[in-house]
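Have a look at the structure below before the remarks.
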Amino acid sequence: MSMQNNSEPENHTDWGHYSSPATPWLWARVNGQSRPAHQGVAMDHEKLNVLISEERLQARIKELGKEIRAHYGDQCITCIGVLKGSFMFMADLVRAIGGDVRCEFLGVSSYQGGTKSTGVVRITEDLRHPIENQHCLIVEDIIDTGLTMDYLLKLLEVRGPKTLKTCSLLDKPSNRDVPLSTDFVGFSIPDEFVVGYGLDLGELYRNLPYIAVYSP
Ligand code: IMP
């Protein structure tokens, strides 16, 4: 496997050397608008630059788990993983949280339209159980414009959870379209298109154990 750049920032908020903006055609793909010409049927490792190594991911997830458990004490937490992107993060996070945890999943898919999320989210798989009176934690892979998370918060709030908070592995705060206060975040990253550890490009790259910037 060939990597162009394996260097990493010193800490999880210093990403100065990854400063180029994300390419619009990739955003079009993210929101399902069209199938760009580059999108092949096999992973292209030459286009990947490791942004967060497997070791740093796992170390941060263990910390996050402790932060979350400390916040809730010994109360049961209903973790709601947002499919598909969060499946790998969810699996590691619930083990890092420990104690009483319920695992639920929500399938969502953004409708097409423009090069950015329209915020119109289609539920492809709803929760199997009521969440009334439970401490709920939405587990996402990445918050970008914030429109998906904003929608999910509104959708779940009306179901009467005791508390409703968010946990996202990645956050691109510079790209927000709606104001959103995040509760637990793994890494703040620059406005780059990333793949790996659950995040995909054309359904590929989800099985990489690290996060990489994809440069076409
Ligand atoms: P938002 O509604 O713009 O916050 O978008 C959230 C969703 O967009 C995520 O759950 C991902 O599915 C997708 N997304 C945003 N940025 C990226 C990225 O860099 N790589 C892969 N998917 C992304």
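The values are calculated or read from the model by the stated rules, or taken from the named source; none is laboratory data. Since the model is a prediction, treat every value here as computed from it, not as a measurement. Quick reminder, even Gly has a Cβ in these numbers, built from the backbone with ideal geometry, and neighbours come from all protein chains shown. Keep in mind that these areas ignore ligands, DNA and RNA; they rest on the heavy atoms of the full protein, side chains included. Shrake-Rupley method; radii C 1.70, N 1.55, O 1.52, S 1.80 Å.
Some points to look at:
- Taking each residue of segment 171-199 that is more than 21 Å from K84 (Cα to Cα) and looking for partners that are open to solvent by 20 Å² or more (accessible area, probe 1.4 Å) and among the acidic types (D, E) with beta-carbon atoms closer than 8 Å, six or more apart or interchain, yields S174/D191; N175/D144; N175/D191; V178/D150; L180/D150.
- Residue that is most open to solvent (accessible area, probe 1.4 Å), among those in segment 144-158 that are within 16 Å of G107 (Cα to Cα) and within 9 Å of the ligand (Cβ to nearest atom): Y151
- Strands (runs of 3 or more DSSP E) completely within segment 28-125 that count 3 or more residues being surrounded by fewer than 18 Cβ atoms within 10 Å (Cβ to Cβ) and either modelled with pLDDT of 90 or more or not polar (S, T, N, Q) (or both): 101-110, 121-125
- Selection from segment 170-203 of residues that are of a type in the set (V, I, T) and open to solvent by less than 20 Å² (accessible area, probe 1.4 Å): I189, V194, V195
- Segment 183-216 - residue that is of a type in the set (S, T, Y) and within 11 Å of the ligand (Cβ to nearest atom) and, of those, nearest to R60 (Cα to Cα): Y197
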